[in-house]
Amino acid sequence: MELRQLKYFEAVARTLSFTEAARRLFVSQSTLSQQIKVLEDEIGSLLFERDTHGVRLTEAGALLLPVVRKMIQDTDLCRQQIRDIKKTLTGELNIGITFSFRDLTTEAILQFLKQYPGVKLNIYYRTSSELGEMLREGDLDFVLAFKSPRVYEDLEYETLFEYRLSAVMRSDHPLAGRTSVSISDLKNYPVVLPGSGTQSRKAFDRFVSINTDDIDVHAEINDPNVILDIVQRTSLVTILSGQVVRYRQNIVAVPVEGTEKMRGCIYTLKEAYQKRSASVFLDILRESEKINQLIQ
């Protein structure tokens, strides 16, 4: 079995579509089908069932899939370790970033691209739950996200910074001059909240569940940059990290009383090999101006 054939098989198994797998692999569908047929002939069993309803794994295909994925990961890992031994930063680095980390990481990304042009960066912006699954599947080298209250036995984390949730609003808002606000204060004003699944929203929901005051929610949006654009142009208040106002004009952040600390973290798989390129990128991130402003 050739590695190319195994990657073709894994791509079809992942997408359950020969058309989509061929598109992702940058090969023709006929080439893909031919290589799958060669693999099936070598194994002596059909790997996929094809009918008018689509493509499905056969019993043999389902049995082979985890073995193939392990072989591909081991091969990629071996190649990366050999490159690291040579101390040549090449290959690919796959990073998962939650939406709240987007502005915090841009500086580090630009610096890494400038200093290490031999490494291809693949950046994925998703929710923390989506990125966690990608990390477990081996599609990511690490994830930048806020710490979850759940304990994951297969993941470990390093804290980059800590902060408390803040009410974020225009500088001319009635609450803008306060040193802190309570949930009771917020109920008197229209609010736009981070979307369900974001860490800021999860932290806010845990806090609000203890307080029964109603919140006048006008919108829920899972992109903090869009939220901030709206806050800058309206009288709406939002709940986000206080650090977001460092890079925005005419908005302020007022700490919300009693909320728990949120931790910005680096998530990795336990006992997984860390690429040298990952170590270098994380060193750049730790030393970046925006991260150090949060630590101070």
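Using only Cα atoms and rounding to the nearest 10 degrees, what angle (0 to 90) does helix 276-286 make with the longest principal axis of the chain? Around 10 degrees separate the two axes. Extending 7 Å from Cα along the Cβ direction at Tyr125 and again at Glu137 yields two label points whose distance is 2.0 nm. Which one is right for this structure if percent of Cα pairs over 25 Å apart is calculated from it: (1) 45; (2) 58; (3) 53? The calculated read-out lines up with (2). Taking the chain as a Gaussian network of alpha-carbon nodes connected by springs under 10 Å, the highest mean-square fluctuation of the residues Leu16, Leu135, Leu113 belongs to Leu16. For the chain, a crude dipole built from +1 on the beta carbon of Lys and Arg and -1 on the beta carbon of Asp and Glu, taken about the Cα centre, is about 740 debye to the nearest 20. In a DSSP loop and with at most 11 other Cβ atoms within 10 Å, there are no trypsin sites (Lys or Arg not before Pro) in region 107-137. In the chain, helical runs assigned H by DSSP with n ≥ 4 each contribute -39500 (n - 2.57); averaged across all residues and rounded to the nearest 500, the mean residue ellipticity at 222 nm is -13500 deg cm²/dmol.
Rule-based calculations on the coordinates, nothing more; no lab input. What you see is a predicted model; the values in this text were computed from it and never measured. Reconstructed Cβ throughout: ideal geometry from the backbone, glycine too, with neighbour counts over all protein chains shown.
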